[in-house]
1. Go through the stretch 46-73 residue by residue and tally those that are more than 18 Å from residue 136 (Cα to Cα) and surrounded by 20 or more Cβ atoms within 10 Å (Cβ to Cβ).
2. Which residues, taken from the stretch 153-166, are surrounded by fewer than 17 Cβ atoms within 10 Å (Cβ to Cβ) and assigned to a strand (DSSP E or B)?
3. I'd like the full set of residues that are on the phi > 0 side of the Ramachandran plot, assigned to a strand (DSSP E or B) and within 16 Å of the ligand (Cβ to nearest atom), limited to the stretch 119-149.
4. Among the residues of the stretch 104-117, what is the count of those that are surrounded by 12 or more Cβ atoms within 10 Å (Cβ to Cβ), within 15 Å of the chain's Cα centre (by Cα) and either near the ligand (Cβ under 10 Å from one of its atoms) or part of a loop (DSSP other than H, G, I, E, B) (or both)?
5. May I ask you to list the residues in the stretch 74-91 that are within 12 Å of the ligand (Cβ to nearest atom) and over 13 Å from residue 141 (Cα atoms)?
Ligand SMILES: [Cu+2]
């Protein structure tokens, strides 16, 4: 019998590339409504603000969820990417009856809100640079198709926390 397998897959190189991408995402672009490129779009520029953001403390530094509300007083936009200098991976998920699936973009309706909440659409955060602790404030960089990137500091709360209870 002759060994034909290649012993070392190039996993290391791949992981390195992913990490480099995550670290490179640390550059912060703070979007300014007046400078929007698509300000002339028919339904007007989006006017976004982020509220009620929190991350329930993940067990033992494991995978965490992230919840927040994006309010919009202007035209429609889409959340197309989320990253964090504190974690290697942030993805957008939609919960279905039995499971959850990753989504590439989430609509922010005109004069409405995109809500990421328990039991519904949420963020999944993994690969912490440092184990999160209660009271930490972790940066999330939310990139929107029209508005650009908005950076928010998101507090780490108890696992059972719900917004509205102080
Ligand atoms: Cu999920």
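1. Within the stretch 46-73, residues that are more than 18 Å from residue 136 (Cα to Cα) and surrounded by 20 or more Cβ atoms within 10 Å (Cβ to Cβ) number 4.
2. 153, 155
3. Passing the criteria: only 127.
4. So the count comes out to 2.
5. The initial filter retains those residues of the stretch 74-91 that are within 12 Å of the ligand (Cβ to nearest atom), namely 89-91.
None; the set is empty.
Conditions tested, residue by residue: (1) at pLDDT 95 or above; (2) more than 22 Å from residue 127 (Cβ to Cβ).
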| position | (1), (2) |
| --- | --- |
| 46 | yes, yes |
| 49 | yes, yes |
| 58 | no, no |
| 64 | yes, no |
| 79 | yes, no |
| 84 | yes, no |
| 91 | yes, no |
| 106 | yes, no |
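The values are calculated or read from the model by the stated rules, or taken from the named source; none is laboratory data. These numbers come from a predicted model, not from an experiment. Every residue, glycine as well, gets a Cβ built from its backbone with ideal geometry; the counts of neighbours run over all protein chains shown.
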